[in-house]
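The values are calculated or read from the model by the stated rules, or taken from the named source; none is laboratory data. Keep in mind the model is a prediction, meaning the values are calculated, not measured. Heads up, the Cβs are rebuilt from the backbone with ideal geometry, glycines too, and the neighbour counts pull from every protein chain shown.
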Amino acid sequence: MRINQYIASAGITSRRKADELIEDGRVKVNGAVLTSPGYHVEEGDIVEVDGVRVAPAEKKVYYLLNKPAGYVTSTADKEGRPLVTELVPDEVRVFPVGRLDYNTTGLLIMTNDGDLANALMHPSKEFNKKYLVRVQGIVTRDEAKKLEKGIDIGGFVTSPAEVNLLKHDRNSTVAEITIHEGKNRQVRRMFKAVGHPVLELCRIGLGDLSIGKLALGQCRKLSPAEVENLKRAVR
């Protein structure tokens, strides 16, 4: 098994992040720092990440987490901030699929299935991502149309989006927006591009999955049907 797949199967992180761990010299095989990301683990090899021996988990688990603000979407943080992994039962080690910003809340998949995570995060897989957003100021219908058509967010023009203006008060607007890419801080950058900085942001849907009535900080296991739908979507 290729080393990045081995690490992902252990529930440490995704394959892509596993390659970064190898580049950073944080992976050892049989006591020696690994320098080749193409290494294939053989029976009897001892693999360590940050000095801790790891092995593929026998049981695959899948959670849907409603991430609160103030949590880092990672398995480690140099600043010692709270991690999303702390919100999931420690039945087995899991990692987040994709990321949500520190101050963004909402739907996040947590799993130890490295193959599925890698497929879900592949750039060719453009899942619908639905957000509930509150922004500064009153968003006009013309501004919403600019977002729907696609807008330059700094060296990148977004694909067409769906925008539904829900309500507004004197100082802010609440809207739903559905995008299909996953650029860094994309929704925040889109609204900033039309002059409305984001005040609150929550992801409420991903593909066929919905956050529903799941409370902030809580998680639930995905049903077998939900897992199969995800796997079917990336085939």
With the checklist (1) crowded, with 18+ Cβ neighbours inside 10 Å; (2) modelled with pLDDT of 95 or more; (3) hydrophobic (A, V, I, L, M, F, W, C) in hand, flag the one item L165 doesn't pass. (1)
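Check L206, L132 and return the single one that is surrounded by 14 or more Cβ atoms within 10 Å (Cβ to Cβ), closer than 18 Å to P68 by Cα and touching a Cys at 6+ places or on another chain (Cβ under 6 Å). First the steps, then the outcome.
Details: L206 fails: touching a Cys at 6+ places or on another chain (Cβ under 6 Å).
Only one candidate qualifies: L132.
One line per residue, one yes/no per condition, for (1) in contact with a strand residue (DSSP E or B) (Cβ under 8 Å, 6 or more places away or on another chain); (2) surrounded by 13 or more Cβ atoms within 10 Å (Cβ to Cβ); (3) not assigned by TED's automatic domain parsing to the domain that holds G106:
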| residue | (1), (2), (3) |
| --- | --- |
| G155 | no, no, yes |
| N171 | yes, no, yes |
| V174 | yes, yes, yes |
| T178 | yes, yes, yes |
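Restricting to the stretch 36-51, name every residue that is more than 18 Å from G114 (Cβ to Cβ), loosely packed, with under 11 Cβ neighbours inside 10 Å and of a type outside the set (D, E). Before you say what the answer is, go through the steps one by one.
Filtering the stretch 36-51 for residues more than 18 Å from G114 (Cβ to Cβ) gives 36, 42-44, 46, 51.
Subsequent filtering for residues that are loosely packed, with under 11 Cβ neighbours inside 10 Å retains 36, 42-44, 51.
The answer is S36, G44, G51.
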Which residue out of R189, R232 is out of contact with any Asp or Glu (no Cβ under 6 Å at 6 or more places or on another chain) and surrounded by 14 or more Cβ atoms within 10 Å (Cβ to Cβ)? R189
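Identify, please: which residue in the stretch 58-82 is aliphatic (A, V, I, L, M) and buried (at least 18 other Cβ atoms within 10 Å of the Cβ) and is, among those, nearest to Y102 (Cα to Cα)?
V72
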Here is a list of conditions, (1) farther than 30 Å from L201 by Cα; (2) touching a residue at least 12 places away in the same chain (Cβ under 8 Å), and A32 meets all of them except one; can you say which number that is? (2)
Might you check whether a residue that is assigned by TED's automatic domain parsing to the domain that holds M110, of a type in the set (S, T, Y) and either under 17 Å from the mean Cα position of the chain (by Cα) or within 15 Å of T111 (Cβ to Cβ) (or both) occurs anywhere in the stretch 77-89? yes
